[in-house]
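The values are calculated or read from the model by the stated rules, or taken from the named source; none is laboratory data. In this text the structure is predicted, and so the values were computed from the model without any measurement. All Cβ positions, glycine included, derive from the backbone under ideal geometry; neighbour counts span all protein chains shown.
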Amino acid sequence: MTFTLHGIGVSGGIAIGRAHLVSHASLEVAQYQIKSSEVSGEIARFEAAVKTVRTQLMQLHSEISAVAPSELSAFVSLHQMILDDAVLSIEPKNLIVSLQCNAEWALKQKADEVLERFDAIEDSYLRERRMDVVQVTERVLRELGGQQSKANALPTDTEQGLILVAHDLSPADVVEFKRHQFASFVTDGGGSTSHTAVVARSLNIPSIVGLQRARELIRENEWVIVDGTAGVLIADPDTRILQQYRQRKEIHESARRQLLTLRDTQPVSLDGVAVQLQANIELPEDVKQVKANGATGIGLFRSEFLFLNRSDLPDEEEQFQAYGEVIKAMNGLPVTIRTYDLGADKQIEGSQSTAVNPALGLRAIRLCLIEPHRFLSQLRALLRASTFGPLNILIPMLSSAPEIDQSLQMITRAQHELTQEGLAFDPKVRIGAMIEVPGAALALEMFLKKMDFISIGTNDLIQYTLAIDRTDESVAYLYDPLHPAILSLIFSIIKKANQHKVPVALCGEMAGDAKLTRLLLGLGLRNFSMHSAHILDVKERVLKVSIDGLQKIVKKMLRTREPERLRSLLEELNALEC
Ligand code: PEP
Ligand code: MG
């Protein structure tokens, strides 16, 4: 039976294909029988995995510095206790014997038993400890080599026609999907600027988040239409609807082909204002798309994605290679690399946050500054890569003067070390701050005095200004880039930066929304950074506008407080002949 679901379209276009349900249980393992002669070997394999994880946790515990927050050590101790509980470390062995099954399966059965008990607990704090059980189990599974990532668990032969339907996906899951060729994916959870949605946009396939019950209602292999522009999903469509959407898909694709002819045109407005249209990337391989869409540089390389989906961490050398590869490939165009913004919804494996509010906790620069060694190795890698071309280093989530000073001191320290070691770097590398915390926007002078440039991170600026968790679909309806507070903050940041002659860019999702291009130009923005897939749409808008003609309506918008009136003024602005 045909039915329709509405969510938040995060990436435009239409996809038509068969649904493939991605399990939302992170503990997915295969079950297989073993011979009775293999039982003792299987038990030994299980014991070795538990032993390795025990050693890892002990090592982790001993490495926690004395100044680290006490929760960190309590968190590791808790994981040690969970691992040592007989249910996870002894009872699986009994199952291996009685069921003659593989160790992964035995462990999973026992973990599920514990998790079920957690689900029944009323106390919310205790219920949240469920995640710790999952993480410990995942660690052992990884050691057993039996846990597949969500992406690897998928069929590869027919993937081009597949629509992935998931309850929720982490940004790390989505980045793994980059290596595959799905037609589309949709999730029940997530807001339009959650990192999951942000990465989804870079896949350049139609996708929808916040559908709420898709995973429950859609059946495996069912035909599904995804309209990523409208945020609409149609399950089990009849032939008439299918026909209509096939036509719409064709129209959309031919419009995209047409846009490609603008690739090499310089983004200059009708009244001669030159605009930078730069690209946001997550991994070095994204540079292909950057070039295919004619970006004028890279405005945001979210370097933390190099740290996800792996059990070890990239060392200085590996990072140097990755940053160098990107800078070289851009052939003299500017490249802005953001120091890692880990924490909140982007956690390295095995270090899931136990914070009640991770987005307000040890995230981004805060995490860097309490882990100076890791930060220093990234800074050294960045500086060394600066010999390959123009590099800007961007620091995320700065909010206070001491953080600015400490970050700059760390960069000076890295430069000093490299000089001592005789390793080359460009002493003129520009250092910038992301302005994404309202306090930073309101005390901007503090940044303008010390930084070479700033970049407005509207995804977080909106999240923090309007107090809306960007990953929570239940408050996604409040996430409003046109909120008067947001417009006036963006305007004041651009104005103050211009007064101080400090270059200012905007790299949040707003930059890639062509409906907002005229508004941002009217607010004074000249440097946009967005996912490659949006560059040509935005360029088309830039080429067809005279910026001077926008001022009157934009000024009116800045004075307006009523949401409906703001929306109608935006329509007026976009319809203006100029
Ligand atoms: C932002 O916050 O606007 C931004 C660009 O950074 P991220 O989306 O990675 O938090
Ligand atoms: Mg941000």
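Structure data summary
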item: Subset of region 364-404 that is within 16 Å of ligand 2 (Cβ to nearest atom) and either part of a helix (DSSP H, G or I) or not assigned by TED's automatic domain parsing to the domain that holds Gly343 (or both) - its residue that is surrounded by the most Cβ atoms within 10 Å (Cβ to Cβ); result: Cys368
item: Selection status of Val538, touching a Phe, Trp or Tyr at 6+ places or on another chain (Cβ under 9 Å), within 16 Å of ligand 1 (Cβ to nearest atom) and part of a helix (DSSP H, G or I); result: yes
item: Met557 vs. criteria touching a residue at least 40 places away in the same chain (Cβ under 8 Å), closer than 26 Å to Leu260 by Cα and surrounded by 17 or more Cβ atoms within 10 Å (Cβ to Cβ); result: no
item: Residues of region 22-64 satisfying the condition of being surrounded by 12 or more Cβ atoms within 10 Å (Cβ to Cβ), modelled with pLDDT of 85 or more, of a type in the set (Val, Ile, Thr) and closer than 15 Å to His79 by Cα; result: Val50, Thr52, Val53
item: Selection from region 422-454 of residues that are farther than 24 Å from Ala381 by Cα, among the charged types (D, E, K, R), more than 16 Å from ligand 2 (Cβ to nearest atom) and not in a helix (DSSP H, G or I); result: Lys449
item: Criterion: surrounded by fewer than 18 Cβ atoms within 10 Å (Cβ to Cβ) and either in the same structural domain as Arg430 (by TED's automatic domain parsing) or touching a Phe, Trp or Tyr at 6+ places or on another chain (Cβ under 7 Å) (or both) - qualifying residue of Asp480, Asp469, Asp460; result: Asp480
item: Checking Ala505 against (1) over 18 Å from Ala433 (Cβ atoms); (2) surrounded by 22 or more Cβ atoms within 10 Å (Cβ to Cβ); (3) not β-branched (Val, Ile, Thr), the condition it does not meet; result: (1)
item: Single unsatisfied condition, Lys291 versus (1) part of a helix (DSSP H, G or I); (2) closer than 20 Å to Gly508 by Cβ; (3) more than 14 Å from ligand 1 (Cβ to nearest atom); result: (2)
item: Long-range neighbours under 8 Å by Cβ, at least six apart or interchain, first residue on the phi > 0 side of the Ramachandran plot within region 387-401, second more than 14 Å from ligand 1 (Cβ to nearest atom) and among the charged types (D, E, K, R); result: Gly389/Lys328
item: Checklist (1) away from ligand 2 (no atom under 16 Å from the Cβ); (2) crowded, with 22+ Cβ neighbours inside 10 Å; (3) in a helix (DSSP H, G or I); (4) not β-branched (Val, Ile, Thr) applied to Glu304, failing item; result: (1)
item: Residue check, Leu277 within 16 Å of ligand 1 (Cβ to nearest atom), under 30 Å from Thr137 (Cα atoms) and not aromatic (Phe, Trp, Tyr); result: no
item: Meets criteria (touching a helix residue (DSSP H, G or I) at 6+ places or on another chain (Cβ under 6 Å), more than 18 Å from Asp173 (Cα to Cα) and of a type in the set (D, E, K, R)) for Lys288; result: no
item: Any hit, region 249-266, residues being surrounded by fewer than 18 Cβ atoms within 10 Å (Cβ to Cβ), of a type in the set (A, V, I, L, M, F, W, C) and within 22 Å of Ile456 (Cα to Cα); result: no
item: Check on Ala329, farther than 14 Å from Glu304 by Cβ, surrounded by fewer than 22 Cβ atoms within 10 Å (Cβ to Cβ) and within 16 Å of ligand 1 (Cβ to nearest atom); result: no
item: Given (1) in a helix (DSSP H, G or I); (2) over 18 Å from Ile404 (Cα atoms); (3) not hydroxyl-bearing (Ser, Thr, Tyr), index of the condition Ala467 fails; result: (1)
item: Yes/no for Ala511 being away from ligand 2 (no atom under 16 Å from the Cβ), assigned by TED's automatic domain parsing to the domain that holds Ile411 and part of a helix (DSSP H, G or I); result: no
item: Residue list for region 432-464, restricted to those being within 13 Å of ligand 1 (Cβ to nearest atom) and touching a His at 6+ places or on another chain (Cβ under 8 Å); result: Ile462
item: Region 178-188, subset over 21 Å from His252 (Cα atoms) and surrounded by fewer than 24 Cβ atoms within 10 Å (Cβ to Cβ), residue modelled with the highest pLDDT; result: Asp188
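Rundown of residues vs (1) within 16 Å of ligand 2 (Cβ to nearest atom); (2) within 22 Å of Gln278 (Cα to Cα); (3) touching a residue at least 24 places away in the same chain (Cβ under 8 Å), yes/no style:
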position	(1), (2), (3)
Asp469	yes, no, yes
Lys495	no, yes, yes
Ala505	yes, yes, yes
Leu519	no, yes, yes
